Amino acid sequence: MDSQDLNDPRRLAARRTLRRSGVQVLLEDNHLLCLSKPAGLLSQGGPEGQASLTDLLDAYRRAAEGKSGRAYIGLVHRLDRNTSGAMVVAKTSKAASRLSQALRDRRAEKVYLAWVDRPAREDEGTLEHWLRREGGVTRLAADGDTDRKRARLSYEVEGRSHRASRVRIRLETGLTHQIRVQMAQIGHPLVGDPKYGGSNGKRPGLHALELHFEHPVRKTPVVLTAPIPEDLLKMDARLGIQPPV
């Protein structure tokens with residue numbers, strides 16, 4: 001995609017090191033670093049002694065590019081610690097500024113897979129709620145709440161069993177815990193998400209499958225697809241849902 005030698009032995013070795021931490025590079029050029037984040041890894045600011053995604057990417061860039069100081073890592077959006085999937089990180093301040101604006105203007109499309117409790121009654125739907133954050137939890141907002149924000153998504157059911165469903169979700173807004181709260185409101189909390197009424201599990205059944213956006217410099221379309229991790233494929237099997245084709 002650019003003048004960088006992405007097959008340079010030093011870069012390939014740095015990618016192998018990054019992959020051992022569960023982070024997979026999906027696409028890279030002079031401006032962007034596109035990746036798949038594993039569940040269990042904070043996007044930024046991990047506890048002392050625990051590396052976050054930004055720490056790992058800083059080390060990757062320094063190793064891959066021979067940088068002596070800290071590398072620029074422009075984190076323009078985040079995934080919850082226990083959510084896996086597609087992310088884009090800027091390698092320059094110009095790319096970070098343009099990507100951040102695109103996200104604010106909702107010119108990027110985010111597609112998720114969610115595993116929810118109980119067989120879905122409808123094959124598809126659109127959800128719209130007013131939400132607010134309170135004490136680290138996202139809740140339905142009352143009519144008079146001044147800090148409420150509109151949350152909207154659409155979903156399609158990909159598969160069902162007698163215990164659960166797998167749904168493909170397209171976000172129209174990007175509020176914290178939006179999917180978890182909105183699906184719970186229609187009686188389908190995420191599998192593994194007792195915080196919002198779901199069944200117990202090692203982590204919520206949520207994966208950022210695709211991210212669509214315009215390249216901030218080249219102005220060409222970029223589509224990222226993050227492979228479904230093994231733990232969620234096993235969830236499909238355990239719940240009796242056939243995995244996506």
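Below is a table of values for the structure above.
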read-out	value
The listed residue being modelled with pLDDT of 95 or more and either farther than 29 Å from PRO204 by Cβ or over 15 Å from the mean Cα position of the chain (by Cα) (or both), out of ALA51, ALA90, ALA64, ALA86	ALA90
Search result, residues across the stretch 96-113 that are touching a strand residue (DSSP E or B) at 6+ places or on another chain (Cβ under 7 Å) and part of a helix (DSSP H, G or I)	ALA96, LEU99, ALA102
Criterion: in contact with a strand residue (DSSP E or B) (Cβ under 9 Å, 6 or more places away or on another chain), on the phi < 0 side of the Ramachandran plot and surrounded by fewer than 21 Cβ atoms within 10 Å (Cβ to Cβ) - qualifying residue of ARG133, ARG118, ARG180	ARG133
Test result for ASN7, over 21 Å from the mean Cα position of the chain (by Cα) and touching a residue at least 40 places away in the same chain (Cβ under 8 Å)	no
Residue count, the stretch 193-228 (criterion: buried (at least 17 other Cβ atoms within 10 Å of the Cβ), under 30 Å from HIS31 (Cα atoms) and within 17 Å of the chain's Cα centre (by Cα))	11
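Residues are listed down the side, and each one gets a yes or a no for (1) in contact with a Leu (Cβ under 6 Å, 6 or more places away or on another chain); (2) closer than 24 Å to LEU41 by Cα:
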| position | (1), (2) |
| --- | --- |
| GLU128 | no, no |
| SER154 | no, no |
| SER161 | yes, no |
| GLY174 | no, yes |
| PRO189 | no, yes |
| GLY197 | no, yes |
| PRO204 | yes, yes |
| LEU233 | no, yes |
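The values are calculated or read from the model by the stated rules, or taken from the named source; none is laboratory data. Predicted model, so just to flag it, every value in this text is computed and none were measured. Cβ: placed from backbone, ideal geometry, glycine included. Neighbour counts: every protein chain shown.
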